[in-house]
Each structure stands twice: as structure tokens, then as C-alpha cells.
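Enquirer: I have a structure here, written as C-alpha cells, and I will follow up with some questions on it.
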Amino acid sequence: MTSGSVHRRGAAREAALARAVEDGLLGPHAPLIGLLDVDGVLAAVEALNEAFEGPAAVQHTFAAKACGLVPVLRLLAEAGMGCEVASPGELEQALAAGFTHDRLVFDSPAKTVQELDFALAHGIAINLDNFQEMARVDRLLAGREACGPIGLRVNPQVGAGAIGAMSTATATSKFGVALRDEGAVDAVIEAFARRPWLNRLHAHVGSQGCPLPLIAQGVRAAYELAERINTELGRAQITGLDIGGGLPVNFDDEDDRPTYADYVAELRTAVPGLFDGRYALITEFGRSLLAKSGTIGSIVEYTKSAGGRRIAVTHAGAQVATRTVFMPDAWPLRVGVFDAAGRPKQGPTEVVDIAGPCCFAGDLTATGRELAAVEPGDVVALYDTGAYYFSSHFSYNSLPRPAVYGYRTYSGGRVVFALVREAQSVRGVVEESGLSQADALVGLCSGNAVTHPGR
Ligand SMILES: *Cc1c(COP(=O)(O)O)cnc(C)c1O
């Protein structure tokens, strides 16, 4: 994205926060919200499309786990994207959002027979994870022809990036067929030789913390294997390469860095043949499409000091910023302080910890930050949280899911909101906590247990 659109994004975020406070979307009765910059999301899609323009047919899919909110998925579907899903829930979200079967890619490492059967029957592209799953598909197809593309996920074992838990291509990663293991490549070639319906290779080498050359090296390994398989089989059996997602996001400042264009330039150098049109390309980006368009806004409930440390207690903690709280060094977030009207706070600064509402001491979204002095009633914003944050709730302390609003800004400072997801009610929290089974255990102890139907 250009610096102009980066500037727009910052200005739009400020306008949206102020307006959310003014409209009462964020305030004493709604102390926590997620905000999504719709223009920012669409600009990211456009940048992605532009970067991959060329002779090769490309299907960009959005990795649903990064933000499985139906209106967000529908926006992306309207923008021409496909959707990568990895669970029954994500599959249903994508279908509800309007993605047609031919625009879905199903990637779970633990697909059940039933899920495979559904995908095969509807022509949904599948990436198989291992040889056992392949044998399962053999049985399900039983001579039938598959109606959608079927790929095999490979692990090029190129090594880890800066965050172990985010590195999918280590020697012992749980994903895909580990290509550098003894005999693996021969086994893969043999598997393709025996199954004319296997027509894609898939490698998702990432993600956050992985340098571009490492990701490109992984894609090259998949490409070279596809070339070898097609050459040895004497036919162009592999017609598509799914290169996954995993583009890292810059959480340090406002810039989009690296860009999709940077990534494609890296790929063109490392794997020139990838783009010549012989293979259809599939991508599965998540974080890089949404992260920088999302903001979590929270009211500051209290401020205090402990052992000389200033602490601001907010409503945004591990329930919405799970990775940041549990792995603060790997997932630091930028923090903004706004006054009670939602305007950027000026004035003297202080070094402060930003705490969440969860009942454990480590529930901090930022530590030792120099920020404008925070007071109760102020607003604290966590930036770049559009992917994997407010959409991946962790129900610690039975804290409810916050409301999420999409916004657009217009000249003259006008902001228009659309509700994307309602805040979960406290009643809703209690209902999903077994409310309808309230007597179950007392009944079990008194001998009046209702036996499970059918047992
Ligand atoms: C999570 C995931 C993605 C998306 O990764 P990002 O880092 O969010 O781009 C893509 N493909 C697969 C298979 C994944 O598991």
C-alpha cells in the first residue's frame, strides 16, 4: 500500500474511535469493542490481486481462522476471494457467507471421514495432510471420480522463523508430508503415480516471524517437487500449486511491511517458473489481509500504582489478545491512549503497564510503555488486531465476546458503522456454560440421573 493509504488508515482509526465513543458504541455500558476498517481490508485485497497479476491463474483464498466473522467473509467473497477453511465451523461460516464450493479450500490436519465425504461430494478443494488420509480418500472415492481438486500438503522442512509455535516447516512440524525424511519424496511420487486424481501440491510455510527468503525456499521445494512428479509421470498431473499464506505483519508501526509485492518479488527470484502459467496458483493469506485494519478499543476502568509501577486496568486482556498476553515478546502490540471523548491524548507521559480484566497476574497487553498519562474513563486502543484477536475469543473468566463493528470514513470526518457481531450477553455466556444441564451432577449423585438417550 502507498504511504497515502497508510495515512488514511491512521486518520480513519482516530475518527472511528472518537465516533464510537460519541455514539456510545464504546463507553461505560460497552467497555470493550472491536473495530474493522472496511476500506483498509479492501485495499489489502486489491494490493494482493495486483501483486500476483500475471499469466498464471490465481485463486486467492482468505484463511477463515484469521477472522471467522460471517460479514467479513461475505465482504471478501464479494471482493472476489475464495476461503480456506480448516474445521466444520469455518466451513459453515464460509458457506453462510456465500462462498460457492468451488471457491473453498479445506485444509484441516484432522479431517473426519464425514468431512472428507462432504468435501468430495461437493467438489470442495481438499489438501490432504498425510498418507493415511490419502488411503481414506481412496476408500471414499472407491473408483468414483473426484469432482474437485485434491492436493497433498508437503512440509519442505526449511526450518523455523522467530516464533516456534508459528513455524510450520520445521523438521518435526505436525503438518503435511515431511519431504526431507528418508524415502518421503519417492513415496509421494509413487502416491501421485497411483492416483490420477491427486492434482495439487500444497505448502503453507509460515507464518508470523518467518523471513521471506525462508517462505520462498519452502514454495520452491513444492514447485520443484511438482516439476519432478510431472516429469517422471510424463503428464501434467499436477495442475495447481497452493502456496499457503503466512506473510508476516509489521506490528511496530503503521507501514505495510513486507508488502505482497515484496513477497511476489522474492518468489519471482527464488521460483521464476511459478508464475509462467503452467500451474494455477492458490494462496491462503490471513493475517496480512486483516491485521492492520483492526483495532480493539477499551475503556480504562481504573489506574493505580504497585511497587512504583503505573498500571491502567482495561477490559481488553487475554480473552481478546490471547497470544499477546501469553507470549508478549513474540506478539507485542502498539497501544494508543485517547481521552474520554476518544481524542488522541496529549500531555505528559508516564511509563505504564496496560492490564486486562482477567484474574491472573500476567494479563497484560503491554508492559513498561511510555504513553500519555492514563486516567479512568480514557480509551486505550490496541492496534493491528484485525486478525486473530477479537475474532478468536478465549473465554477465560467467562468474559463475553465483544461487539465488532466495521466502519467506513468519508470526507468531512463522517464515519459510518455497521454491526458485524453483537456483543455476547451475560445470559449467553451462562447458556453456553451448561445452563440447560444445571441439575445434571446433583442428579447423578442422588441416583436420579437422566441416562443418555440410547445408552
Ligand atoms: C493459518 C493458515 C493460513 C493463514 O496464515 P496467515 O499467517 O494468517 O497468513 C494459511 N494456510 C493454512 C493451512 C493455515 O493453517
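Enquirer: Taking the condition of being out of contact with any Leu (no Cβ under 8 Å at 6 or more places or on another chain) and under 17 Å from His315 (Cα atoms), how many residues in segment 390-421 meet it?
Expert: 11
Enquirer: Further question: Mind listing whichever residues of segment 385-405 are within 16 Å of the ligand (Cβ to nearest atom) and either on the phi > 0 side of the Ramachandran plot or under 10 Å from the mean Cα position of the chain (by Cα) (or both)?
Expert: Gly386, Ala387, Tyr388, Tyr389, Ser391, Ser392, listed by residue number.
Enquirer: Still on this structure: Looking at Ala222, Ala226 in this structure, which one is of a type in the set (Gly, Ala, Ser), in contact (Cβ under 8 Å) with a residue 60 or more places away in the chain and either crowded, with 19+ Cβ neighbours inside 10 Å or over 30 Å from Pro376 (Cα atoms) (or both)?
Expert: Within the list Ala222, Ala226, the selection yields Ala222.
Yes/no matrix, rows are residues, columns are (1) in a helix (DSSP H, G or I); (2) of a type in the set (S, T, N, Q); (3) within 13 Å of the ligand (Cβ to nearest atom):
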position	(1), (2), (3)
Glu92	yes, no, no
Leu95	yes, no, no
Val105	no, no, yes
Ser108	no, yes, yes
Gln114	yes, yes, no
Phe118	yes, no, no
Ala121	yes, no, no
Glu133	yes, no, no
Leu140	yes, no, no
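Enquirer: Additional query: Give the residue that is nearest to the ligand (Cβ to nearest atom), with candidates limited to residues of segment 282-304 that are among the polar types (S, T, N, Q) and not in a strand (DSSP E or B).
Expert: Filtering segment 282-304 for residues that are among the polar types (S, T, N, Q) and not in a strand (DSSP E or B), the one nearest to the ligand (Cβ to nearest atom) comes out as Ser288.
Enquirer: Looking only at segment 351-381, count how many residues are under 15 Å from Val300 (Cα atoms) and part of a strand (DSSP E or B).
Expert: So the count comes out to 12.
Enquirer: Among (1) surrounded by 21 or more Cβ atoms within 10 Å (Cβ to Cβ); (2) modelled with pLDDT under 95; (3) more than 16 Å from the ligand (Cβ to nearest atom), where does Ala171 come up short?
Expert: All conditions pass for Ala171, except number (1).
Enquirer: Only one of these conditions is not met by Val154: (1) of a type outside the set (D, E, K, R); (2) more than 13 Å from the ligand (Cβ to nearest atom); (3) part of a strand (DSSP E or B); (4) touching a helix residue (DSSP H, G or I) at 6+ places or on another chain (Cβ under 7 Å). Which number is it?
Expert: Condition not satisfied by Val154: (2).
Enquirer: So, in segment 20-57, exactly how many residues are crowded, with 21+ Cβ neighbours inside 10 Å and of a type in the set (D, E, K, R)?
Expert: 1
Enquirer: Still on this structure, I have one more. For segment 236-254, which residues satisfy the criterion of being in contact with a helix residue (DSSP H, G or I) (Cβ under 6 Å, 6 or more places away or on another chain) and surrounded by fewer than 16 Cβ atoms within 10 Å (Cβ to Cβ)?
Expert: Ala236
Enquirer: Something else now. Could you count how many residues in segment 255-281 are part of a helix (DSSP H, G or I), out of contact with any strand residue (DSSP E or B) (no Cβ under 9 Å at 6 or more places or on another chain) and buried (at least 16 other Cβ atoms within 10 Å of the Cβ)?
Expert: So the answer is 5.
Enquirer: Hey, another quick one. What number of residues within segment 330-349 satisfy the criterion of being in contact with a strand residue (DSSP E or B) (Cβ under 6 Å, 6 or more places away or on another chain) and assigned to a loop (DSSP other than H, G, I, E, B)?
Expert: Number satisfying all stated conditions: 5.
Enquirer: On to the next question. Quick one: Leu35 ticks every box in (1) away from the ligand (no atom under 16 Å from the Cβ); (2) out of contact with any Lys or Arg (no Cβ under 8 Å at 6 or more places or on another chain); (3) in contact (Cβ under 8 Å) with a residue 24 or more places away in the chain; (4) not in a helix (DSSP H, G or I) except a single one, so which number is it?
Expert: Unmet for Leu35, out of (1) away from the ligand (no atom under 16 Å from the Cβ); (2) out of contact with any Lys or Arg (no Cβ under 8 Å at 6 or more places or on another chain); (3) in contact (Cβ under 8 Å) with a residue 24 or more places away in the chain; (4) not in a helix (DSSP H, G or I): (2).
The values are calculated or read from the model by the stated rules, or taken from the named source; none is laboratory data. Here the structure is a predicted model, which is why all the values come from computation and not from measurement. As a convention, Cβ positions derive from the backbone with ideal geometry for all residues, glycine included, and neighbour counts pool all protein chains shown.
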